[in-house]
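Asks: So that we are looking at the same thing, I have put the structure below in structure tokens.
Bear in mind that the values in this text are calculations on the coordinates, not laboratory data. Predicted, not measured: the structure shown is a model, and the values here were computed from it. With ideal geometry, Cβ positions are generated from the backbone for all residues, glycine too; neighbour counts draw on all protein chains shown.
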Amino acid sequence: MSVMNLGATGGDSFSFDHPGATVQGAIVSMEPTQQTDMQTNEPKTFSDGSPMMMFRVELATDLRDPGNQFDTGSRTVFLKGSRKPESQSSLAAVLSAVQKATGTTNLAQGGLLTLTYVGDGVAKNRGFNPPKLYEAVYVPPSTDLAATQAAPVAQAAAPAVQSAAPQVAAPAAQAPGLTPDQLAAMQAAGIDPAQLAAAQGVQAS
């Protein structure tokens, strides 16, 4: 499994501008980042001063902007809000989908994420927009067991090994009764002692 690139800048933010708006794509990267106030653009914190975090997720989608020839289909979604399933925040929706698909809370690179804006909730504060409600589907990346096995290494054909013992030339047959000096003299004269021995054997028979 590849490690997520937490330093990725991400693509264009996907705009959930109307109920029914949906985006689907393979997860390229995920980066935790602090939320900012929509009005002041200041970093948001909880009452105890701790940062209010969200997840910036980059998706590789099939979407293309006809007016942008450089559009690669990269879209960014922001997962934030309560983690409680009943809140139907973007974070809660994806968290529930991941738990349903894997039994864990691990969002993996290469997984397929679908996030849909399904409607509006009830505004908690007067003058504020109602919270958007989301549903999500998550398909974890699959593992190809065949591809993970080491490919067999082709072995070069080994040269044939001769199992038989090397043939040792048998000593030349010697004519009976010849001394070493006589044999040397015959070899110097071009006479094969083996032929002489064979001739004597024939005569003896």
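Asks: Separation between the residue 33 and residue 137 pseudo-spin-labels, each 7 Å from Cα along Cα→Cβ, expressed in nm?
Replies: If labels sit at residue 33 and residue 137, their model points lie 2.8 nm apart.
Asks: Still on this structure, please answer the following. If you stretched the chain out fully between residue 44 and residue 109, how much longer would it get, using 0.36 nm times the residue separation minus the C-alpha to C-alpha distance?
Replies: On the way: separation 65, 0.36 × 65 = 23.40 nm, distance 2.74 nm.
Answer, rounded to one decimal: 20.7 nm.
Asks: So, one more: For the range 12-142, what percent of Cα pairs sit more than 19 Å apart?
Replies: Values: 4504 of 8515 pairs.
Within the range 12-142, distances greater than 19 Å cover 53 percent of Cα pairs.
Asks: Tell me, how many Å apart are the Cα centres for the range 85-107 and for the range 10-48?
Replies: Cα centroid to Cα centroid, the span is 16 Å.
Asks: Do you know the relative contact order of the range 14-101, to the nearest whole percent, from alpha carbon pairs under 8 angstrom that are 6+ apart? Mind dumping the intermediate values first?
Replies: On the way: 127 pairs, mean separation 18.9, N = 88.
In percent, rounded to a whole number, it is 21.
Asks: Under 5 Å between amide hydrogens, which residues at least 5 positions from residue 61 or on another chain qualify, with H placed 1.01 Å from N in the peptide plane?
Replies: 74, 75
Asks: Right, here's the next one. Give the long-range amide H neighbours of residue 118: residues separated by 5 or more places, or on another chain, with amide H under 5 Å away, using H modelled in the peptide plane at 1.01 Å from N.
Replies: 20, 133, 134, 135
Asks: If amide hydrogens are placed 1.01 Å from N in the peptide plane, which non-local residues have theirs closer than 5 Å to the one on residue 45?
Replies: Excluding prolines and chain starts, which carry no amide H, the hits are 52.
Asks: Go through the range 85-91 residue by residue and turn each phi into a ³J(HN,Hα) via Karplus (6.51, -1.76, 1.60, θ = phi - 60°); whole Hz please, and just put x for glycine and proline.
Replies: Couplings: x, 5, 6, 6, 5, 4, 5 Hz.
Asks: Would you mind ranking 124, 84, 44 by Cβ crowding within 10 Å, fewest neighbours first? Display every interim value, and only then the final one.
Replies: Numbers: 124 8, 84 12, 44 15.
Least to most surrounded, the residues fall as 124, 84, 44.
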